[in-house]
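The structure that follows is given in the form of structure tokens.
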Amino acid sequence: MAAPLVLLHGFTQTRRSWGPTIEALDGTPRVLAPDLPGHGSAATRPASFPACTAYVRALADGVFALGGYSMGGRIALAAALAHPGQVERLVLVGASPGIADDEERARRRAADDALAARIEEIGIEAFAREWAGQPLFAGQPEPVAAAAHADRLRNTPVGLASALRGLGTGVMDPLWDRLGELHMPVTVLAGERDEKFRAIAYRMAERIPQAEVHIVPGAGHAAQLERADVVATYLASPPRRR
């Protein structure tokens, strides 16, 4: 029997964001897609990388495959490094190992703190509109953008602020120097329109012993929302070892 597949969503999303991808997988493998701390039904769960990696480890009994998008990809990376014996393979979508430069990371943390305060001030509906307006999401088809907006509204201002303060890139210990410890097969995906994360994907692959980079055609940063069929193909692929 194939190992189960654990899927971790991005910031402002919930487990439901994986719906089209899970549908495209058509029951193989078995998928576990939880709400991450600060999001959806887990809005009040403590949001920190240690808590998240422990939670991911407890989701599946034994070995599992692990996939994550953006924030979920960063958590997936941390979990794979913390529990390498359990993660059979890793699939990262629009993900980063963090910010290596100390000063840049400090600036990002200050910006994330300010954004968390703004979320609490303006509320979920206004923030959801602002978040969707970023250049990062430009070019999303209207049905995709509408579904993403509806998913964001399943969150709370307090929950998202907590997630940003506890799981943001500014508070994350950078993992660039640890990528060589990933000895499982790793698939790194980036959308065709996502210039920033395409570059990060190739930089990551240079440091990971068994990494493949694939560019998702016709997709931006949230490739799993725009091209769920393509992302599902890579999530369903069996491990490849060199």
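Any residue at all in segment 52-62 that is of a type in the set (Val, Ile, Thr), in a helix (DSSP H, G or I) and touching a Ser or Thr at 6+ places or on another chain (Cβ under 8 Å)?
For segment 52-62, residues of a type in the set (Val, Ile, Thr), in a helix (DSSP H, G or I) and touching a Ser or Thr at 6+ places or on another chain (Cβ under 8 Å): absent.
Condition first: within 18 Å of the chain's Cα centre (by Cα), touching a residue at least 40 places away in the same chain (Cβ under 8 Å) and surrounded by fewer than 24 Cβ atoms within 10 Å (Cβ to Cβ). Now tell me which residues in segment 26-38 satisfy that.
Of everything in segment 26-38, just one residue is within 18 Å of the chain's Cα centre (by Cα), touching a residue at least 40 places away in the same chain (Cβ under 8 Å) and surrounded by fewer than 24 Cβ atoms within 10 Å (Cβ to Cβ), namely Pro37.
Here is a follow-up. Identify, by number, the condition in (1) within 30 Å of Glu142 (Cα to Cα); (2) modelled with pLDDT of 95 or more that Ser237 doesn't meet.
(2)
Surrounded by fewer than 22 Cβ atoms within 10 Å (Cβ to Cβ) and either among the basic types (Lys, Arg) or under 25 Å from Val158 (Cα atoms) (or both), is that true of Arg45?
Yes; evaluated as a whole, the condition is true for this residue.
Right, Leu90: crowded, with 21+ Cβ neighbours inside 10 Å, within 29 Å of Ala128 (Cβ to Cβ) and either touching a Leu at 6+ places or on another chain (Cβ under 6 Å) or in contact (Cβ under 8 Å) with a residue 60 or more places away in the chain (or both) or not?
Taking the combined requirement at face value, the residue does not satisfy it.
Residue check: is Val231 over 30 Å from Arg118 (Cα atoms), out of contact with any His (no Cβ under 8 Å at 6 or more places or on another chain), β-branched (Val, Ile, Thr) and buried (at least 22 other Cβ atoms within 10 Å of the Cβ)?
yes
For the condition assigned to a helix (DSSP H, G or I) and surrounded by 15 or more Cβ atoms within 10 Å (Cβ to Cβ), what is the one hit in Ala114, Ala110, Ala106, Ala79?
Ala79
Keeping to segment 1-33, report how many residues are over 21 Å from Thr187 (Cβ atoms) and in a loop (DSSP other than H, G, I, E, B).
So the answer is 4.
With without any contact (Cβ under 8 Å) to a residue 40 or more places away in the chain, touching a Lys or Arg at 6+ places or on another chain (Cβ under 9 Å) and more than 14 Å from Leu182 (Cβ to Cβ) as the only criterion, which of Ser96, Ser41 stands out?
Sole residue among the options that is without any contact (Cβ under 8 Å) to a residue 40 or more places away in the chain, touching a Lys or Arg at 6+ places or on another chain (Cβ under 9 Å) and more than 14 Å from Leu182 (Cβ to Cβ): Ser41.
Next up: Output the number of residues of segment 195-215 satisfying the condition of being under 20 Å from Val144 (Cβ atoms) and either crowded, with 23+ Cβ neighbours inside 10 Å or among the aromatic types (Phe, Trp, Tyr) (or both).
Count: 1.
The values are calculated or read from the model by the stated rules, or taken from the named source; none is laboratory data. On a predicted model such as this, the values are computed, not experimentally measured, just so you know. Cβ atoms come from the backbone with ideal geometry, glycine included; neighbour counts cover every protein chain shown.
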